[in-house]
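Here, each number is a calculation from the coordinates, and none is a lab measurement. From a predicted model like this one, the values you see are computed outputs, not experimental measurements. Heads up, the Cβs are rebuilt from the backbone with ideal geometry, glycines too, and the neighbour counts pull from every protein chain shown.
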Amino acid sequence: MSSRIYDCIVKINETIQTNKDFLTDLDREIGDADHGVNMARGFNAVIEKLNADDADIGGALKKTGMTLLSTVGGASGPLYGTAYMEAGKVVQGKTEITKEDFGEMLRVAIEGIQKRGKAEKGEKTMLDSLLPAYDVYMEKINGGEDLLGALEAACEEAEKGIEYTKTIRATKGRASYLGDRSIGHQDPGATSATLTLETIRDFLKG
Amino acid sequence: MKKLINQVDDVVNEMLDGMTAAYPQYVKRLEGLEVLVRAGGSDGKVALISGGGSGHEPAHGGFVGKGMLDAAVAGAVFTSPTPDQVYEAIKAANGGKGVLLVIKNYTGDVMNFEMAADMARDEGIEVEQVVIGDDVAVENSTWTTGRRGIAGTIFIHKLAGACAEAGGGLDDVKRIAEKVIENVRSMGMAVDACTVPAAGKPSFDLTEDEIEIGIGIHGEPGTHREKISTVDEISDKLLGKILDEGIYNSGDEIAVMVNGMGGTPLMELLVANNHISKVLADKGLKVYKTIVGNYMTSLDMEGYSITLLKLDDELKKYLDAPADTPAFVQQ
């Protein structure tokens, strides 16, 4: 029988493959038309690398991150690779996680992305979805909400983050070359990050 | 999409094997990796390594050889190579005198090469890096990720490569690379877009009589679109923007590169250079050397870029030094 973490990563892979062309098309508008293609290549490799019965969540995430790092390329490779590897570190050896664990995973993943990408909120990147999602997640669990409830609220914020990226100009990544012409387009990275959170939410809903 | 390829996913792999089959005297491929190194190795000298997404051929593998690069790392088309690939290139090319990474300024390239440099330093290999952003089409401010690295990169390969070949230490080779970066500026344009094999359609759409000024080498948009005019008028615009930088002044000696984007005939590049050389002479600039051809391409994009490099005696010496690589030979 396959482990929960394996099944969850399989679902994330399905989301990425389903949205491959959508993400690439978004990237064509303001970038270099490869985000979906690159992420799809990376997650294909991830599924090949993972053992279906590996129940160690930290180990599986670390392997996912290392594989993304060595197969995705571009900026997404180091960013997503770092995010998964960092998230894996805080739940090493665990086969189940608490809502606090998940908050900590989000926190260190985002911290890793910020360190590698040297970006802040408001630069039209995945952080515009992830940072507000994290804030709401923590607010909800501190208020007594369970993991799924808090993640549902976080996904709503992440969606709002995508909408927000449409209103601002990019100052990081290839989209920054467009200047004001990047306004009106949603950020592909914020989109793939939101899709990831939503897939985890749907997976937990079962 | 009509392309002379087999499977989309095999393009980079088959291209690299095609390179080694054509030029075994120059390059060999590291087994299982997207890395080309010098056939004869790089012992006893500072190693110069560059790389980036594929689709810019002959950059960078075509410049591996005596007097230029020691290794080139190829990513997927228009996608930075991954840190593990760059790390293997560093280990293989390291001849014991240190390694200089020549990185074009793109978010992905900088991140991946930096991660590789960190990994190599952990192993005790001396690694330095330079990041080139020569494209004046991009506003160089805190509001962008900085200027893009385009055709000017080839001058780093040539001059820093000559310095390393002459026995220069890592500090010296890096200083020459930085001197080139300080003195080189480029700008390009596109008549028509390129098609990334995996995407299957053009990266942007231009109408029949439209051109894009200030285009990047991955089909990134430029400063603006306009109606096509004569190549003389287009060259005036590109040169104007480069000269506005204020680093090329009457009496200066310069090197010029008129670089094709991949889909433009050499005839048109030479037509462009005819006017460029006259304009530069009118400005009192002394053209010491001109290079015309396809050096930093963008797949099948039609268009060209102009690069100017201001020279001094030291840079002239390294520009004149011999080079022997698949894509650039100079006695």
**Asked** Within region B:152-168, is even one residue buried (at least 24 other Cβ atoms within 10 Å of the Cβ), touching a Lys or Arg at 6+ places or on another chain (Cβ under 6 Å) and within 14 Å of another protein chain (Cβ to nearest Cβ)?
**Response** no
**Request:** Hey, can you tell me all the residues within region B:194-212 that are of a type in the set (A, V, I, L, M) and at the interface with chain A (Cβ under 10 Å from one of its Cβ atoms)?
**Result:** B:VAL196, B:ALA198, B:ALA199
**Message:** Checking the structure you have, find out if any residue of region B:107-128 is within 19 Å of the chain's Cα centre (by Cα), within 13 Å of chain A (Cβ to nearest Cβ) and part of a loop (DSSP other than H, G, I, E, B).
**Reply:** no
**Message:** Looking at (1) in a loop (DSSP other than H, G, I, E, B); (2) touching a helix residue (DSSP H, G or I) at 6+ places or on another chain (Cβ under 8 Å); (3) within 12 Å of chain A (Cβ to nearest Cβ), which one does B:GLY146 not meet, given that it meets all the others?
**Reply:** (2)
**Message:** Let me confirm something: among B:LEU315, B:LEU308, B:LEU319, which residue is closer than 21 Å to B:ILE132 by Cα, in a strand (DSSP E or B), in contact (Cβ under 8 Å) with a residue 24 or more places away in the chain and not basic (Lys, Arg)?
**Reply:** B:LEU308
**Request:** Taking only region A:1-35 into account, find how many residues are within 14 Å of another protein chain (Cβ to nearest Cβ) and hydrophobic (A, V, I, L, M, F, W, C).
**Result:** 5
**Fill in**
(1) within 14 Å of chain A (Cβ to nearest Cβ); (2) within 20 Å of the chain's Cα centre (by Cα) all hold for B:HIS224 apart from (2)
**Request:** Any residue in region A:119-142 that's small (Gly, Ala, Ser): show its pairings with residues that are part of a loop (DSSP other than H, G, I, E, B) and surrounded by fewer than 18 Cβ atoms within 10 Å (Cβ to Cβ) at Cβ separation under 7 Å, as long as the two are six or more apart or on different chains.
**Result:** A:GLY122/A:ILE168
**Complete:** Exactly one of B:ALA21, B:ALA59 is over 20 Å from B:GLY95 (Cβ atoms), assigned to a loop (DSSP other than H, G, I, E, B) and out of contact with any Cys (no Cβ under 7 Å at 6 or more places or on another chain), and that residue is B:ALA59
**Request:** Could you look through region B:186-203, keep only residues that are touching a strand residue (DSSP E or B) at 6+ places or on another chain (Cβ under 7 Å) and more than 19 Å from B:ASN259 (Cβ to Cβ), and pick out the one that is surrounded by the fewest Cβ atoms within 10 Å (Cβ to Cβ)?
**Result:** B:LYS201
**Request:** Have a look at A:SER176, A:SER192 and point out the one that is within 14 Å of chain B (Cβ to nearest Cβ) and either within 24 Å of A:ILE5 (Cβ to Cβ) or of a type in the set (S, T, N, Q) (or both).
**Result:** A:SER176
**Asked** Which condition number does B:PRO58 fail, the rest of (1) at the interface with chain A (Cβ under 8 Å from one of its Cβ atoms); (2) under 30 Å from B:GLN331 (Cα atoms); (3) of a type outside the set (Gly, Ala, Ser) being met?
**Response** (1)
